[in-house]
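**Q** Structure in structure tokens, see below.
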């Protein structure tokens, strides 16, 4: 059994050594444990630091593609490098590497294909009350869309077995965390979660420079992903809401019309007609979205089969370069 721990990086020269220093080189249940760094177009010494600290594999993207693209490139490389299980963690050392065995336990026991680390957000001191509330709200929305029970859907500390990784196809340009959970819920991927610890904050988030940015980008990401996977629910709900408002507006006009004052409220009749047309449009968009979703499922299955063919043909990962020579095994961590 081969485990590869992947770390998406962008200008992580300062943080990467501490993150790598905590990673295990041997874990019970695995014959080989390797590290892979995805360099997302860094302009500092991230690559050199990775080599200096014994990273086994490097995926070096030419320019900055974003976290989601880096994650997907890492999955592809790990599969082509023969990984049976892949662990994803962050370069800022947010997650406790000592909890990797806990993350892997459900997969090794055959209970799950994908396991997400639950940071227990309410216990994180440097998260503001507003951010904690938004995390809970966002996770609830994703659980509804994915029909899973993952409590911390934005956690990037997660493990995939080979079958789960083969089925993941991230199209979002912003984040992989939400989309992969929804995909897992819609596909034949058994999900689980385990409580994990976090390290003290080392730097400000680069994904969210402000709370408003966090709300805006996460809100748009959730809506976009939700509408991709549940278009009928989204657009027919909007259609019903707008249609109800149209009926209320028409009822107001009818009330005044019966009372003999309809001539002074023609604007209600016009507004109701506009809203009714908007409701019909939302309903039509829901139908079209559902048809596109069906095509997307077929494309995803085709993508998975292409991946399997590439693996059988031995096609090497793109943007790949070997890392440093492997370091001697550290003390084995028990699962």
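**Q** Look at residue 173 and say whether it is modelled with pLDDT under 80 and under 27 Å from residue 63 (Cβ atoms).
**A** yes
**Q** Further question on the same structure: Could you check residue 260 against (1) exposed (fewer than 13 other Cβ atoms within 10 Å of the Cβ); (2) assigned to a helix (DSSP H, G or I) and say which number it fails?
**A** Against the list (1) exposed (fewer than 13 other Cβ atoms within 10 Å of the Cβ); (2) assigned to a helix (DSSP H, G or I), residue 260 comes up short only on (2).
**Q** Which pairs turn up if I take residues in the range 12-41 that are at positive phi and look for partners that are buried (at least 17 other Cβ atoms within 10 Å of the Cβ) and part of a strand (DSSP E or B) with beta carbon separation below 6 Å, at least 6 apart in sequence or on another chain?
**A** 41/61
**Q** Still on this structure: Looking only at residues that are touching a helix residue (DSSP H, G or I) at 6+ places or on another chain (Cβ under 7 Å) and surrounded by 13 or more Cβ atoms within 10 Å (Cβ to Cβ) in the range 120-129, which one is farthest from residue 95 (Cα to Cα)?
**A** Filtering the range 120-129 for residues that are touching a helix residue (DSSP H, G or I) at 6+ places or on another chain (Cβ under 7 Å) and surrounded by 13 or more Cβ atoms within 10 Å (Cβ to Cβ), the one farthest from residue 95 (Cα to Cα) comes out as 127.
**Q** Also, quick follow-up: Determine if the range 7-16 includes at least one residue that is surrounded by fewer than 20 Cβ atoms within 10 Å (Cβ to Cβ) and assigned to a helix (DSSP H, G or I).
**A** Scanning the range 7-16 turns up no residue that is surrounded by fewer than 20 Cβ atoms within 10 Å (Cβ to Cβ) and assigned to a helix (DSSP H, G or I).
**Q** Please work out if residue 73 is out of contact with any strand residue (DSSP E or B) (no Cβ under 8 Å at 6 or more places or on another chain) and either more than 22 Å from residue 98 (Cα to Cα) or surrounded by fewer than 24 Cβ atoms within 10 Å (Cβ to Cβ) (or both).
**A** No; evaluated as a whole, the condition is false for this residue.
**Q** Could you tell me whether residue 141 is part of a helix (DSSP H, G or I), out of contact with any strand residue (DSSP E or B) (no Cβ under 8 Å at 6 or more places or on another chain), on the phi < 0 side of the Ramachandran plot and free of Cβ contacts under 8 Å to residues at least 40 places away in the same chain?
**A** It is false that residue 141 is part of a helix (DSSP H, G or I), out of contact with any strand residue (DSSP E or B) (no Cβ under 8 Å at 6 or more places or on another chain), on the phi < 0 side of the Ramachandran plot and free of Cβ contacts under 8 Å to residues at least 40 places away in the same chain.
**Q** Step by step: first the residues of the range 192-205, then only those that are surrounded by 12 or more Cβ atoms within 10 Å (Cβ to Cβ) and part of a loop (DSSP other than H, G, I, E, B), then the one that is modelled with the highest pLDDT. Which residue is that?
**A** 196
**Q** Related question: Filter the range 76-90 for residues that are closer than 21 Å to residue 322 by Cβ and surrounded by fewer than 24 Cβ atoms within 10 Å (Cβ to Cβ) and give the result.
**A** Once the filter is applied, which keeps residues that are closer than 21 Å to residue 322 by Cβ and surrounded by fewer than 24 Cβ atoms within 10 Å (Cβ to Cβ), the range 76-90 yields 76, 77, 79, 80, 81, 82, 84.
**Q** Taking the options 116, 142, name whichever one is at pLDDT 95 or above and closer than 26 Å to residue 161 by Cβ.
**A** After applying the criteria, what remains is 116.
**Q** Okay, moving on. Tell me the residue from 246, 279, 324, 240 that is touching a residue at least 40 places away in the same chain (Cβ under 8 Å), touching a helix residue (DSSP H, G or I) at 6+ places or on another chain (Cβ under 8 Å) and over 30 Å from residue 31 (Cα atoms), please.
**A** The conditions single out 279.
**Q** Among the listed residues 243, 289, identify the single one that is closer than 30 Å to residue 165 by Cα, surrounded by 16 or more Cβ atoms within 10 Å (Cβ to Cβ) and either touching a strand residue (DSSP E or B) at 6+ places or on another chain (Cβ under 7 Å) or not assigned by TED's automatic domain parsing to the domain that holds residue 171 (or both).
**A** None of the others qualify; the one that does is 289.
**Q** Name, by its number, the condition in (1) more than 25 Å from residue 96 (Cα to Cα); (2) at pLDDT below 75 that does not hold for residue 209.
**A** (1)
The values are calculated or read from the model by the stated rules, or taken from the named source; none is laboratory data. Just so it is clear, the structure is predicted and the values come from calculations on it, not from any experiment. Cβ coordinates were reconstructed from backbone atoms using ideal geometry, including for glycine residues, and neighbour counts include every protein chain displayed.
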